[in-house]
Every structure is written in structure tokens, then in C-alpha cells.
Ligand SMILES: C[S@@+](CC[C@H](N)C(=O)[O-])C[C@H]1O[C@@H](n2cnc3c(N)ncnc32)[C@H](O)[C@@H]1O
């Protein structure tokens, strides 16, 4: 699906039907995997901007129900295809644009998981998304997000791909920003560095490096 950056639709023209089963968005990093292993993931979870299924099978193993949403239907088709058959009955997929009000009732999710995506959105748009997450989350519900900072996407010829509108926070800026936005939540934060990761999408292959914040917050 073509991106429309001016409308905060950060899709990529990936032909998901013809990519291997592992995610085009890289490996499932250890920090997030460990967090998902350690936390109590039960009830109804929303995998927001779920892409082509990174971590989705892990959520399906633990939660009672997973609703995976994304604006890109082809990504969701791949995500459903790679879900292990016995777990598929717990999975629903739905196309939504997260910069619009979410088409879910108030207080219905036990958890919301969103990785690899939220750092793309300009600050006011990000705030709107977090407010919608807060609305659909039960009290005591949990948000798990990651947030890439100090991002570099380097093509083989050394040039950089800059995503239009992307704030590209430093680690310090993002920590301040997140602490302010989540001041009413009980927050746990871990920071680290993403090892250089090759990403192959239709814009070509590039190497992604960044720092990251992994946040787990309870409402
Ligand atoms: C970098 S990928 C990350 C996917 C997945 N969460 C992961 O970490 O592997 C970003 C995802 O956000 C989706 N996306 C971008 N803009 C969106 C929007 N406005 N509404 C819903 N999904 C969007 C894209 O289609 C893509 O699947």
C-alpha cells in the first residue's frame, strides 16, 4: 500500500504475499520477547499497527483473544497466514487508520501492544493515538510500546532515507516526552540500542540502527 505521509499513513509498498514468513520488519528483539514472556498477558489484547506479524504469535500464545489491526490489508493477510492453525481461533484482524478515532468501545482491552511504529508520528498525532489507546483500555489495563530514537536508515550507497514528518527524537527527548504523556500511568522503562538490522522493502534494502525505549505502562 502506498504511503501518504502528509496524512500520517506510513505504509510501504511491500508485496507481503511474496515475502518469506519471517517479518520484513526484522527479528523479534530479545528485550521485547523477554518482556512478553515475563508479563501476565491474559484476556483481550490489541496488536496495534501489527504489520506482518512480528510478535503476534507470541501474543496469541498467551492472550485469550488478539485483535490485530493495521491500515495495510496485505500485511494483515500475511499475519493471519503465519499464525499457527491451533491459535487462529483466538485471532481477529481489522483494518483501521490509527490517526482516526478507533472503532472500538471504551474500556474493552486488557492490553495494547504496539511496536516499531509510534515513533513515526508527529507529537500532536502521537498524543491523539495515546488518548485513544487510553480510552479503549480497561482500568489496570497494560500498554506495551517501543519507541525508536536517534534513527538512521542507511542505503548501501551511504545515503539516508528520511521519513517525511518523522520527529526522530533523541533518547533524552523521547524519555521526557513519554514520561509527560504517561504521567497518569504506572510506567516501567528500559532503554537500549538496536543492532544494525537489514530491512528489505520496495524502497530498496537499508540498514536500520537506533536506540530504543521499551515501555510497559499500567493504566
Ligand atoms: C514499521 S511497520 C511495524 C509493524 C509491526 N508492528 C512490527 O513491529 O513488525 C509499521 C506498520 O504501521 C502501519 N501503519 C502505518 N501508518 C498507519 C496508520 N495511520 N494506521 C494504521 N496502521 C498504520 C503500516 O502499515 C505497518 O504495518
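Derivation of every value follows stated rules applied to the coordinates shown; laboratory data play no part. Everything numeric here is computed off the predicted structure, so don't read it as measured data. Every residue, glycine as well, gets a Cβ built from its backbone with ideal geometry; the counts of neighbours run over all protein chains shown.
Length gain on complete extension for the stretch residue 89 to residue 135, per 0.36 nm per residue less the alpha carbon to alpha carbon distance? Let's see the in-between values first.
Working: separation 46, 0.36 × 46 = 16.56 nm, distance 2.61 nm.
Working it through step by step, the gained length comes to 13.9 nm.
Roughly what % of DSSP beta bridges within the chain run antiparallel, to the nearest 5?
Working: 27 of 45 bridges.
Around 60 percent antiparallel, to the nearest 5.
Please list the equivalent ellipsoid semi-axes of segment 86-219, computed as the square roots of five times the alpha-carbon gyration tensor eigenvalues, in descending order and whole angstrom.
Details: eigenvalues 152, 71, 41 Å².
Taking √(5λ) for each eigenvalue gives 28, 19, 14 Å, largest first.
Jot down the radius of gyration and Dmax of segment 69-113, Cα atoms only, both in angstrom.
Just the Cα atoms of segment 69-113 yield Rg and Dmax of 12.0, 33 Å.
Compactness ratio of segment 35-80: Cα Rg over 2.2 N^0.38 Å, N = residue count? The partial results should precede the final answer.
Working: Rg = 10.4 Å, N = 46, 2.2 N^0.38 = 9.4 Å.
In units of the 2.2 N^0.38 Å rule of thumb, it is 1.11.
Under a 10 Å cutoff between Cα atoms, tell me which one of 118, 176, 87 has the largest fluctuation in the Gaussian network model of the chain.
Fluctuation is largest for 176.
For residue 80 paired with residue 170, estimate the spin-label separation in nm (one decimal), with each label point 7 Å from Cα along the Cα-to-Cβ line.
Those two pseudo-labels are separated by 4.6 nm.
Determine one quarter of the surface area of the Cα convex hull of segment 42-143, which equals its mean projected area, and express it in nm² to one decimal. Could the numbers behind the result be given before it?
Numbers: hull surface 23.5 nm².
Spelled out: convex hull of the Cα atoms, projected over all directions, averaged, 5.9 nm².
Estimate the FRET efficiency between residue 38 and residue 99 by the formula 1/(1 + (r/R0)^6), using the beta-carbon distance for r and 35 Å for R0, to the nearest 0.05.
Details: r = 31 Å, r/R0 = 0.90.
My answer for the efficiency is 0.65.
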